[in-house]
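Since the structure comes first, as structure tokens, the remarks are kept for the end.
The values are calculated or read from the model by the stated rules, or taken from the named source; none is laboratory data. These numbers were taken from a predicted model, which means no experiment stands behind them. Here Cβ is always computed from backbone atoms with ideal geometry, including for glycine, and neighbour counts include all displayed protein chains. Remember, those area values only see protein heavy atoms, side chains included, never the ligands or the DNA or RNA. Shrake-Rupley method; radii C 1.70, N 1.55, O 1.52, S 1.80 Å.
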Amino acid sequence: MEIESTETATTAAALHRVTPGETVTTDASFMRGHGTYAEADVLVATVVGYVERINKLISVRPVRQRYGGDIGDVVVGRISEVGQKRWRVDIGARQDAQLLLAAVNLPGGELRRRSESDELQMRHLLSEGDLISAEIQAFYGDGAASLHTRSLKYGKVCTHLYLRSGSFITVPSSLIKRSKAHFLHFSFANAIFVDVIVGMNGFIFVSKGTGGSNDTKTDNPQQQQQDVLYSNENEPISDDERIAIARVSNCILALAKENELITEPMILQAYEASTQMEAYDILENSQQIVDVAKMNL
């Protein structure tokens, strides 16, 4: 593929797919970016992906890669280690993220400086294996992400012993589309509610819903109880709610199996298309469900 030094070539270059060893451009005026290397004034691709051009910088965006992350991304992660005034969190990236003790809400909503007693109680708040939802706040010099859970919509979603009224699934992060709402709330027949936390890193938690809308989350401590953030108690859950959670989880896995973007409309349409079969048959009929869901969009 030959990329010209004209603006008209930008769109064509951004949509072109290359394989390792394929020549990206022979124009020496371009700079080498990620996913390329220079060989005798020729830029050659090192990964399978799509060519992207920003002015004179040429790079190749891989089709599949580990989650990189951006500031403001909503992620779901698992506590891998409790350290000094911080937790290490596995978010499926190249290295674990850091969650500082100062970046979490204290039980009861206390607003004060963290003390030594708080550090001694860290494992009572979050221990190894706990699953949390958080937001990327910044990046360190070595590329590790810094998380925070100061908003009440973030926090612990399950422990290492059992899930809190929900199911944890993973999909490739490349299938997650960045949107305004990553905390989804679905309402189905017979007053069944299901909540879905869609992490930009491909970690998804499907749980029993509360019947709220996507805009009902609030950061006012007076409207929500802070102690619930670190609770390990499961809520009562009926058989119909368990089936709904399993159906939504399998619909998301079916979309990932067919390489479809995981979005709120696609999840809802896939759920509606799957109502004619049992929840355990969804993955075996993923192609049929995805086709019907795309037709109904």
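Laid out as a table, the results:
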item	result
Spacing of the two label points (7 Å from each Cα toward its C-beta) at R114 and E272, in nm	4.6
Distant-in-sequence amide H partners of G49 (H built 1.01 Å from N, under 5 Å)	V18, V63
Loop sites in the range 169-210: trypsin sites (Lys or Arg not before Pro), DSSP, at most 13 other Cβ within 10 Å	K177, R178, K180
Directionally averaged shadow of the range 9-62, computed from the convex hull of its alpha-carbon atoms, nm²	3.0
Residue-span extension gain [A246 to K294] - 0.36 nm each, minus C-alpha spacing	15.2 nm
Among 278-286, 44-52, the order from most to least packed when residues are scored by Cβ within 10 Å on average	44-52, 278-286
Accessible surface, per residue, of the range 9-62 when the full set of protein chains is kept, probe 1.4 Å, Å²	55
V82 versus N285: modelled label distance in nm, points set 7 Å from Cα along the beta carbon direction	4.7
Packing-based order for 247-260, 92-105, using average beta carbon neighbours within 10 Å, highest first	247-260, 92-105
Inter-label distance, nm, simple model (7 Å from Cα along the C-beta direction), Q95/E235	3.8
Difference of contour (0.36 nm per residue) and Cα-Cα distance, I71 to F193	40.9 nm
